[in-house]
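Report on the structure given below.
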Amino acid sequence: MAENNPDRVVLITGAASGIGAAVCRRIAGPGCSLVLHTRGSQDSRRQDLEAVAQQAEKAGSPVLTLFGDLSEDGLASGLVEQSLVHFGRLDQIVSNAGFADRRPLGEVDRETLDRSLRAMPGAFFDLVTAALPTLQDSAWGRVVAVSSFVAHVYAADGLFPATAAAKAGLESLAKSLAVQLAPTGATVNCVVPGYTRKDATGHSALSEEGWQRAIGKTPNGRIAEPDDHAAAVSFLLSRDASHITGQVIHVDGGLTLA
């Protein structure tokens, strides 16, 4: 069931809330077909994704919703395959899905590290490998990977070793892909959020006291909203960003200045 000549088909992982949902709201409209993914292990996540999909459809975007845990073998490549079957092509990917674990070494277990690597750089690897031919052929090829400040800021009261390892690997893969795709005109970039406000129903890795400390660490004195990051992502997906590739762009209110 291919869409009639959309300008672009965009796959967004982790689209049920937060940054993924905010990106969807920014780019939805006529000419933009959307493939929206969430883990879907809870009925509430599925309901949240369907609500985002309805908003996008109201704005004029045809939408395909997909569910599954990206740490499972074959799930990420399957998202690409289903996108191609449904829309006939895939032009852009926003690799946003992930999770944070702040347990230090000695407390975090090996399974968490392994799952973090499977769900973030591993899933990114599978997504872009499966999508490589369609990205190379696209006239508007874009990939944006959503990383995290925890791969750049190492403070005794804010260590996320498993998550940091996963996000650092994600950035390295994105840079390699940027070089590989550059001759085709497709671009690959990373957006690196700082401390970001969670949705009311979302899981928070920090206590209320921790969030107050986070505000104190951020030079501009506030926690980011998901739409702060979505603004950067949507620009990198745009035609205006055609000469920006291989970049790691921090959207963190100055958190990484120190």
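Just so you know, all these numbers are worked out from the coordinates, no wet-lab data involved. Computed from a prediction, not measured in an experiment: that's the story for all the values here. As a convention, Cβ positions derive from the backbone with ideal geometry for all residues, glycine included, and neighbour counts pool all protein chains shown.
Around the amide H of VAL251, modelled in the peptide plane, lie the amide H atoms of VAL192, GLY194, all under 5 Å away and 5 or more residues distant in sequence or on another chain. The relative contact order of segment 141-240, computed from alpha carbon pairs under 8 Å that lie at least 6 residues apart in sequence, is 33 percent. The count of lysine pairs in the chain whose Cα atoms are under 21 Å apart, excluding pairs fewer than 8 places apart on the same chain, comes to 4. Using C-alpha pairs below 8 Å separated by at least 6 residues, the relative contact order for segment 8-249 is 20 percent. Compactness of the chain was expressed as the Cα radius of gyration divided by 2.2 N^0.38 Å, which yields 0.96. Estimated from helices alone, the mean residue ellipticity of the chain at 222 nm is -13000 deg cm²/dmol (sum of -39500 (n - 2.57) over DSSP H runs with n ≥ 4, per residue).
Which order do peptides 11-19, 210-218, 57-65, 117-125 fall in by mean Cβ count within 10 Å, highest first?
Output ranking for 11-19, 210-218, 57-65, 117-125: 11-19, 117-125, 57-65, 210-218.
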